[in-house]
Each structure stands twice: as structure tokens, then as C-alpha cells.
1. Please specify each residue of region 157-182 satisfying the condition of being of a type outside the set (Phe, Trp, Tyr), more than 22 Å from Ala74 (Cα to Cα) and either in contact (Cβ under 8 Å) with a residue 40 or more places away in the chain or in contact with a Pro (Cβ under 9 Å, 6 or more places away or on another chain) (or both).
2. Pairs needed: first member in region 116-139, modelled with pLDDT of 95 or more; second member anywhere, of a type in the set (Gly, Ala, Ser) and surrounded by fewer than 19 Cβ atoms within 10 Å (Cβ to Cβ); C-beta distance under 8 Å; at least 6 residues apart or different chains.
3. Do you know which of the residues in region 64-92 that are without any contact (Cβ under 8 Å) to a residue 60 or more places away in the chain and touching a strand residue (DSSP E or B) at 6+ places or on another chain (Cβ under 7 Å) is nearest to Asp151 (Cα to Cα)?
4. Looking at Gly136, Gly98, can you tell me which residue is surrounded by fewer than 21 Cβ atoms within 10 Å (Cβ to Cβ) and on the phi > 0 side of the Ramachandran plot?
5. Evaluate region 134-153: report whether one residue or more is assigned to a helix (DSSP H, G or I), within 16 Å of the chain's Cα centre (by Cα) and among the hydrophobic types (A, V, I, L, M, F, W, C).
6. For the subset of region 150-177 comprising residues that are out of contact with any Phe, Trp or Tyr (no Cβ under 8 Å at 6 or more places or on another chain) and surrounded by 21 or more Cβ atoms within 10 Å (Cβ to Cβ), which member is nearest to Arg81 (Cα to Cα)?
7. Going by the conditions given, is Arg41 modelled with pLDDT of 75 or more, within 21 Å of the chain's Cα centre (by Cα), among the basic types (Lys, Arg) and over 23 Å from Leu178 (Cβ atoms)?
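The values are calculated or read from the model by the stated rules, or taken from the named source; none is laboratory data. None of the values given here were measured: they were computed from a predicted structure. We place every Cβ from the backbone using ideal geometry, glycine too, and count neighbours over all the protein chains shown.
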Amino acid sequence: MLRQRLHVVAVLGLVGVYLFLQWLASRPPMPATTPETPQRRQPFPVDFTLPDLQGRPMRLSDLQGQVVLVNLWATWCYPCRLEIPSMHALYQDYRLRGFEILAIASDMQGTAVVAPFVAEYRLTFPVLVDPQNVVGTRLLVQGIPTSYLLDKQGRIAGLERGSKNWNSAKFRQLLDSLLAEGGTTP
């Protein structure tokens, strides 16, 4: 009797995994490259307000007019840890030129684990806490790190999945071109 129940549970589990994988495969892919022209860029689909490490709310739409890198990450994520130093170096060079980073930590323990990490790495860009991963869920993010580069009008100028050297010459060139684009009106 027990053996039959285990067999049924195993079959149902496999069916569930199969259906989930079919659902993932049927979803339209997100663009992984930078659109060639600003006219082809799509608006970022989620406006959010999240607390920073001091509990002050930050709203994405308040940054309209700036180029913004929205980075979804967690302290336990090794690839996230790899890219943090390059993000910080880039931020140090561009923060006074209209560039902002919003690093959204999805650690379930929230500020208790994120604040020591930020202190250890001496990060100066805004780090927001999202312990329920509300933003990642709304964006249908499948893994971290995932980063969206937004132009001054809040449109997606780039999407990166996985760890990246944000301080590379290629990314700096892209950032320079986005900063040189017109203001907040389409």
C-alpha cells in the first residue's frame, strides 16, 4: 500500500515538473541585448517602492531623468558577490553624472544580513531590501543576479542575466551614450 502511494506521488511530481517546464518554455523571451534605437525600447514594467537599509522608502519613478541600473541580487548568491565590486567602481565614477544603481536584495532575513554585507564591501550605492522578492516575482525573474539598465525615460536599454563586469570599457561606452541622450520627455 505504501509503495503504491509513493509511486503515485512520484508520478504526480514528475507531471508537475513537466507542466512547469512547459509553462516556462511557452513564455515569450525577454530581450537580452540593447535595442539599437531609443524608439524601440520598452518601458520598465514595474514601478516599486522599497525601503533602503535605514528604512527610508525609495521609489523607482522618482529617478526619472537619470540612467538607472536595477540589480536583483542576494548576499548568499556567489555570482552576485562577484559583480558587486565592479558595480561599486562604476558607481563611484558615474554617480555625479546622472547614473544611479538600485541594488534590490531579496534575502529573506532582510536588513539583518544585508547591512553587514554592505558594510563589509563598503558599498555607497542605494541597497534596497525586498525579503518577499516582490519585485523579482512581478518581473518574472528566473535567477539572480538579473539587472535592467534603464534610460532617462525609464525604458529598458539593456537586460543582463548572470554576473557581469559592470566596469568594462564596453559598458562604460554604453553608459556614456545613455547619459548623453535627451532628457525625460519622449
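1. Correct list: Ala157, Ser168, Arg172, Leu174, Leu175, Leu178, Leu179, Glu181, Gly182.
2. Once the first residue is modelled with pLDDT of 95 or more and sits in region 116-139, its partners that are of a type in the set (Gly, Ala, Ser) and surrounded by fewer than 19 Cβ atoms within 10 Å (Cβ to Cβ) give Val129/Gly110; Pro131/Gly110.
3. Checking each candidate, the answer is Tyr91.
4. Gly98
5. Looking through region 134-153, at least one residue is assigned to a helix (DSSP H, G or I), within 16 Å of the chain's Cα centre (by Cα) and among the hydrophobic types (A, V, I, L, M, F, W, C).
6. Once the filter is applied, the top-ranked residue is Trp166.
7. no
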